[in-house]
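First the structure, in the form of structure tokens, and then the observations on it.
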Ligand code: FAD
Ligand code: MLT
Ligand code: ZN
């Protein structure tokens, strides 16, 4: 689908000022007010189409922990009697289920990690989760908590025969206060469903990301997902007010606080935010949701250099101030992958090395439009930005966002993707992409034909948070590529005092590299916490720490 035809170009470096004015005049509501979508959540497609390997074949050095018991018919019978509902169990132990039924729980979104799980449990209540975990702990059965299975670090799928405990049947909204904006909901509520519920009340979920149609709020909190508007709404460490969680021994931790301020003792919920299912299972969350903005504008700009991207960001913060809600960076290669995979066209004519998507969200359409227009004219006149368009209706706005959000899926389109999600001080951030691109070329791994594993090396991400996504799109997962990338990328990040995981977490992918971002003392304390909460190590083994 070509989006250019749908967008009226309002900003052109070479265009006459009168063209800009006339376009604005012709469209009194030049800047679209974002409508609330009532469509059902979209299910994401796993990337790539080729056969996926088992994690145990790709990483034979990972050995099954012999402390864990093998699943037996007795175990399965217990879970059947507990859950009492055929649809709550996918049973491949007693041979009743085909491999195909288990595969969606065994294979991750990137088709890079695949486990050998034979049993999936879908509890319908916190009490059932408690009984499941207690039984697993008593019987030394390893467990992988799973939400929407959209995680990008191999944390959401088993390695060996761990039991998947899925929150997909726990999807009640328990409470919403229309005055304070506090929402309490089950872990299995899909992010987009929660947001649609809130939209009807004039509120917004303080997290948005490309996987919103599939990921679940329990999974979001467990990964401490950052997403597209962290710049505006802050991290889940700030917005989550409470959690309900089940510890491995079955203890229910009820800390579903609805208070914004509560300084009574250690803030235990913080440990579960970003714990990736290693110390317990989150069954519900309480979260503070902001008012939904009435006026949302999106501009999409072409920029000639990374230096100018930084200037544009600085100006956006200065001139847009409190209405700036997203500032996203894309290089031409990342958008190129999206346009190619989707057979779409750029909203801008000509090619630019960099693009940015700027969103404003405010309460006064005229005020916001004026501010945005003044900002755009200023950065155009200073030649910080070469070209740009502003969405003029909801369709255009969605189309621009789709091109940003769709890069994840497009990166895996040719067969697979090596993903690095890093925090680096802004001034050095893009250099990583250039260095890795050169490294792949020098190693003879990147090329146009099937002889080369690497299709392209691309960079995009949340510039507003100094968070870069370095993606190496490949035709197949290949050890030679992996060896050229790791530990090189992690050493590079360490040399800039960056973080090897800005928002996706550690999972299996980064477990052994934690030392590049955390010192020995910190890792030692983390291990003590893990042992305290989960002395038998049944929660999401082989991952994280
Ligand atoms: P899963 O993938 O099922 O699980 C993730 C981890 O959490 C696993 O370790 C799992 O064991 C654990 N877990 C899940 N549920 C629970 C629970 N109830 N209790 C305890 N542990 C649990 N991330 C970002 O931060 N920002 C983005 O912008 C972003 N965009 C994305 C876009 C796409 C297209 C995709 C595919 C992913 C994206 N992600 C992003 C990755 C992100 O981590 C997930 O999308 C999301 O937060 C995971 O939620 P989930 O329900 O799918 O969890
Ligand atoms: C994003 O920002 O698009 C996500 O974090 C997912 C990804 O990196 O692919
Ligand atoms: Zn991201």
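Among the residues of the range 161-209, the one identified as out of contact with any helix residue (DSSP H, G or I) (no Cβ under 9 Å at 6 or more places or on another chain) and within 16 Å of ligand 2 (Cβ to nearest atom) is 192. If the condition is being free of Cβ contacts under 8 Å to residues at least 60 places away in the same chain, touching a helix residue (DSSP H, G or I) at 6+ places or on another chain (Cβ under 7 Å) and in a helix (DSSP H, G or I), then the range 392-447 contributes 435, 436, 439, 440. What residue, of 107, 119, 83, 71, is at pLDDT 95 or above and under 20 Å from residue 214 (Cβ atoms)? Matching residue, one of 107, 119, 83, 71: 107. If only residues of the range 242-275 that are more than 16 Å from ligand 3 (Cβ to nearest atom) and within 29 Å of residue 408 (Cβ to Cβ) are counted, the one that is surrounded by the fewest Cβ atoms within 10 Å (Cβ to Cβ) is 270. The set of residues from the range 224-238 being surrounded by 20 or more Cβ atoms within 10 Å (Cβ to Cβ) and away from ligand 2 (no atom under 16 Å from the Cβ) is empty. Looking only at the range 89-120, which residues are away from ligand 1 (no atom under 16 Å from the Cβ) and farther than 27 Å from residue 476 by Cβ? Scanning the range 89-120 gives 89, 91, 92, 93, 94, 95, 96, 97, 118. Of the helices (runs of 4 or more DSSP H) that lie entirely inside the range 462-545, those containing 2 or more residues that are surrounded by fewer than 22 Cβ atoms within 10 Å (Cβ to Cβ) and in contact with a helix residue (DSSP H, G or I) (Cβ under 6 Å, 6 or more places away or on another chain) span 488-495.
Here residue 522 qualifies as under 27 Å from residue 147 (Cβ atoms), away from ligand 1 (no atom under 16 Å from the Cβ) and modelled with pLDDT of 95 or more. If you go through the range 223-241 and keep only what is touching a residue at least 24 places away in the same chain (Cβ under 8 Å), under 13 Å from residue 274 (Cβ atoms) and within 16 Å of ligand 3 (Cβ to nearest atom), you end up with 223, 224, 225, 226, 236.
Is it the case, given these coordinates, that residue 456 is in contact (Cβ under 8 Å) with a residue 40 or more places away in the chain, away from ligand 3 (no atom under 16 Å from the Cβ), touching a helix residue (DSSP H, G or I) at 6+ places or on another chain (Cβ under 8 Å) and not in a strand (DSSP E or B)? No.
The sole residue among 385, 389 that is in a loop (DSSP other than H, G, I, E, B), buried (at least 20 other Cβ atoms within 10 Å of the Cβ), assigned by TED's automatic domain parsing to the domain that holds residue 305 and over 18 Å from the mean Cα position of the chain (by Cα) is 385.
The values are calculated or read from the model by the stated rules, or taken from the named source; none is laboratory data. A quick note: this is a predicted structure, and the numbers were derived from the prediction, not measured. Neighbour counts run over all protein chains shown; Cβ positions are idealised from the backbone, glycine included.
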